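These notes are about the structure you will find just below.
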Amino acid sequence: MSTTFTIDTAASRATPTPTPAPMKRLTVPAIAGRKGGEPIVMLTAYTARMAQLLDPHCDMLLVGDSLGQVIYGLPSTLAVTLDMMCAHGAAVVRGSHHSVVVIDMPFGSYEASPEVAFASAARILAESGAAAVKLEGGAAMAPTVAFLSARGIPVCGHVGLTPQAVNALGGYGARGRSDAEAAKILADARAIADAGAFAIVVEGVVEPLAKEIVAAVGCPVIGIGASVDCDGQVLVTEDMLGLFDRTARFVKTYDDLAGRISAAVAGYAGEVRSRAFPGPEQLYQPKA
Ligand code: KIV
């Protein structure tokens, strides 16, 4: 005799309240076709619930390796692992049904060779269900971008301030201030675009250089600390919501989440200590 257990998850907090008209998921070619068109809205997401909240407003959700700092309290992105990216990527795919989900390839998972990069990227896409990967680097990474793109793995590039190279760059300052550095970053963007990237994130570069890159490459350029003329913009969600007090100059804060969380938790703590919580509405009574 076998017993089948059926768990009703309809009332679970993991099941989002259905939206009135489910939106169709955008595709990588649709994003690539937005060059010079309607600006692409991209934000980072690392959890299913945040993905649910961001998804209706965004075109792309980036599971950034910035989760190392935002979620795990690491000092940089260097210790982020493939396991972390796969787990958070899968959560974001589960929490979204409209945006193209792009997952960062973590430091050490792709630089050694195109073959190593393919194995890592294939694992990320297979385990998460995401549509694309993002990797940092310029001309040196072009053969890898070409290798992945030719094998059905859409790649978003990332040039300029590339946080995984913090030790080589010497910090997180803006890039492209000298003519030589600007020329190198422009050449990097061109190389990645020519290799087949469907989009390129350009981070932390002087504005004239960002505009030059936008004009020079055929794929959409998504700016972060770059230029309003980019084909789209991306920010770390927790930064723009005001969860952290230390952010880069390029972050605009649209809320004060840290202040609001602190006020709410102070309210809860006060009510626990004064025995005002739980009240009658939160308690169960026997049936009359
Ligand atoms: O890891 C990340 O969140 C990023 C964005 C800042 C572009 O790469």
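Our helix-only sum for the chain, with -39,500 (n - 2.57) per DSSP H run of n ≥ 4 divided by its residues, gives a mean residue ellipticity at 222 nm of -10500 deg cm²/dmol.
FRET efficiency for the I261 to E281 pair, using the beta carbon distance and R₀ = 25 Å, is estimated at 0.65. Phi angles of the range 60-76 translate, via the Karplus equation with coefficients 6.51, -1.76, 1.60 and θ = phi - 60°, into HN-Hα couplings of 9, 10, 9, 8, x, 6, 4, 4, x, 7, 5, 9, 9, x, 6, x, 8 Hz per residue; Gly and Pro are given as x. Compactness of the range 126-259 is given as radius of gyration and Dmax, 15.2, 47 Å, from Cα positions. Simple point charges give the picture: +1 on the Cβ of Lys and Arg, -1 on the Cβ of Asp and Glu, and for the chain a dipole about the Cα centre of about 560 debye.
Taking the chain as a Gaussian network of alpha-carbon nodes connected by springs under 10 Å, the highest mean-square fluctuation of the residues I124, I200, I261 belongs to I261. So if I take the centroid of the Cα atoms in the range 236-255 and the same for the range 104-172, what is the distance between those two points in Å? Their Cα centres are 25 Å away from one another.
The 3J(HN,Hα) values that the Karplus relation (6.51, -1.76, 1.60; θ = phi - 60°) gives for the range 247-255 are, in residue order, 9, 6, 4, 6, 8, 9, 9, 9, 7 Hz. Gly and Pro appear as x.
One decimal place: the segment I71-D245 gains 61.1 nm when fully extended, by the rule 0.36 nm per residue minus the C-alpha distance.
Result for the chain in a Gaussian network model with C-alpha springs under 10 Å: among L53, L186, L148, the largest mean-square fluctuation is at L53. For the chain, the share of alpha carbon pairs falling in successive 10 Å distance bins from zero is 6, 26, 33, 19, 9, 5, 2, 0, 0 percent. Subtracting the Cα-Cα distance of A11 and K184 from their residue separation scaled by 0.36 nm leaves 56.9 nm.
The numbers here are math on the coordinates, done by the rules we state, and not lab data. Predicted, not measured: the structure shown is a model, and the values here were computed from it. Cβ sites come from the backbone with ideal geometry, for glycine too, and all protein chains shown count toward neighbours.
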